[in-house]
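Take a look at the structure set out below.
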Amino acid sequence: MSIRLLSRRILPHVLKHNTQSTTSQFQNHQIAQRYRLIAFEPRRYFASNNVVQEKKSRKMLYYLTALVFGMVGCSYAAVPLYRRFCQATGYGGTVQRRETVEEKIARHTEDGTVTKREIVVQFNADVADGMQWKFTPTQREVRVKPGESALAFYTAENKSSTPIVGVSTYNVTPMKAAVYFNKIQCFCFEEQRLLPGEQVDMPVFFYIDPEFETDPRMDGINNIILSYTFFKVSEE
């Protein structure tokens, strides 16, 4: 048989075998690559998920930190803000300032205002939670007439073993009578520092406006209650 004839018969089989082998290798490479991607895909997913969780945790930490600082700031600002709000609105029976006490006394003295009605002013004292003070009114009540001034005392004692700084707020009830109750001298809204075991007497000098007697809204009101509450500002 001639060489040319052999070439025609054998060469197609060789080319076919080589082509099948190359195709098979290419397919095997694709399958291996696919399995490699499948094997690494969960690892990429979990890594991405961890990054997202870390960002969320960090953001939550920032929010909580800001909230804590905000609460601390509000606690320190609560008393002065409460004082301004109450004095502006009369909320809680806090006295509103429209005319100074001196101006009122001078005006009624000039007019020769005379009153006959007697009012009983009672005193109440409280301390906020965590305030280790004993705080009481020295007298339970005083009797005054509109147009008269009176002096009363409260007693505070530090029952703890460390110095404590406190500040007080006050209110007058009934609330509608607060506009006629004028404090000439008072310890409210001022910081008071007491050493361990220290006891002090704190004066309240007040004045009842004579117009209390002529206001029809005050009919039937013969008792006024002055209440103070002490809050702890700091402990040394």
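FYI, it's all coordinate maths here, none of it is from the lab. Just so it is clear, the structure is predicted and the values come from calculations on it, not from any experiment. Cβ: placed from backbone, ideal geometry, glycine included. Neighbour counts: every protein chain shown.
Report the local net charge at Val204: Lys and Arg +1, Asp and Glu -1, summed over other residues whose C-beta lies under 14 Å from its C-beta.
Net local charge, Val204 excluded: -1.
Decide, for the stretch 136-236, between rounded, prolate and oblate: order the square roots of the alpha carbon gyration tensor eigenvalues as a ≥ b ≥ c, take rounded if a/c falls under 1.5, and otherwise choose prolate if a/b is larger than b/c, else oblate. Each step should come with its number before you reach the end.
Details: a/c = 3.04, a/b = 2.52, b/c = 1.21.
Since a/c reaches 1.5 and a/b is larger than b/c, the shape of the stretch 136-236 is classed as prolate.
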In nm, the gap between the two label points placed 7 Å beyond Cα toward Cβ at Glu54 and Ala106 is 7.3 nm
Residue-span extension gain [Lys176 to Thr113] - 0.36 nm each, minus C-alpha spacing: 20.5 nm
Size of the dipole of the stretch 126-210 about the Cα centre, Lys and Arg at +1 and Asp and Glu at -1 on the beta carbon, nothing else charged, in debye to 20? 220 debye
Multiplying the sequence separation of Lys134 and Ser149 by 0.36 nm and subtracting their Cα-Cα distance, what value in nm do you get? 2.7 nm
What the 10 Å binned alpha carbon P(r) of the stretch 189-236 shows, as percent of pairs per bin from 0, is 15, 37, 22, 18, 9, 0
Would you mind computing, in nm to one decimal, how far apart the modelled labels at Thr214 and Ile184 are, each placed 7 Å from Cα along Cα→Cβ? 2.2 nm
In the stretch 122-193, if the dipole is taken from +1 on Lys/Arg beta carbons and -1 on Asp/Glu beta carbons about the Cα centre, which of Met131, Ile184, Asn158 is farthest to the positive end? Ile184
Subtract the Cα-Cα distance of Asp126 and Leu64 from 0.36 nm times their separation in residues, and report this length gain in nm to one decimal. 19.0 nm
